[in-house]
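Following: one structure in structure tokens, then a few remarks.
The values are calculated or read from the model by the stated rules, or taken from the named source; none is laboratory data. Being a predicted model, the structure only gives us computed values, none of them experimental. Cβ: placed from backbone, ideal geometry, glycine included. Neighbour counts: every protein chain shown.
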Amino acid sequence: MKIFICSSKYFYKDIPPIKEFLESKGHIITLPNSYDNPGMEDKMRNISQEEHSAWKGEMLRLQKEKVRDCDAILVLNLEKNGQKNYVGGATFLEVYMAFDFQKKIFLYNDFPDNILRDELVGMNPTIINGNLELIQ
């Protein structure tokens, strides 16, 4: 299965062992935008609002292509700054795109307890609670 790993840039450090495990099970992994340069958004923001806006728009288009071209997404919703099971705005958009394209959606952890909870519940993802063996 082709799987797009979605997460906040703050969790990029957690991706390598997950990617390695999933590949060992025969899955093909697509990595998040700017995975190789997680500081790129801040760099673009510091150049100008216009540059950041153009860059961000391109990232949104690219993530749509990645979701469309995969069979499933795996959302790494880990703890960020004391927020348990964090899902940020861009990741939420990826979940919605997967829902819209009728792709499988896997949440690494349970739903976050925030304003996105009801929408995430409505998209009916499979919660794996860290058990990557459940991705099939």
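From the list TYR86, TYR96, the lone residue that is of a type in the set (Phe, Trp, Tyr), crowded, with 19+ Cβ neighbours inside 10 Å and on the phi < 0 side of the Ramachandran plot is TYR86. Taken over region 89-136, the criterion of being out of contact with any helix residue (DSSP H, G or I) (no Cβ under 8 Å at 6 or more places or on another chain), modelled with pLDDT under 95 and among the small types (Gly, Ala, Ser) is satisfied by GLY89 alone. Restricting the search to helices (runs of 4 or more DSSP H) fully inside region 1-95 and requiring at least 3 residues that are touching a Lys or Arg at 6+ places or on another chain (Cβ under 8 Å) and either without any contact (Cβ under 8 Å) to a residue 24 or more places away in the chain or not hydroxyl-bearing (Ser, Thr, Tyr) (or both) gives 49-69. In region 1-50, what residues are more than 21 Å from ASN81 (Cα to Cα), at pLDDT below 95 and of a type in the set (Asp, Glu)? Hit for region 1-50 is ASP36, nothing else.
With respect to (1) over 14 Å from the mean Cα position of the chain (by Cα); (2) over 20 Å from GLU20 (Cβ atoms), the lone exception for GLU94 is condition (1).
Applying a threshold of 8 Å to beta carbon distances and a minimum spacing of six or more residues, or different chains, the list of pairs starting in region 107-123 at a residue that is crowded, with 18+ Cβ neighbours inside 10 Å and ending at one that is hydroxyl-bearing (Ser, Thr, Tyr) and part of a loop (DSSP other than H, G, I, E, B) reads PRO112/TYR86. Within region 102-134, the only residue that satisfies the criterion of being more than 18 Å from TYR86 (Cα to Cα), in a loop (DSSP other than H, G, I, E, B) and under 15 Å from the mean Cα position of the chain (by Cα) is LYS103.
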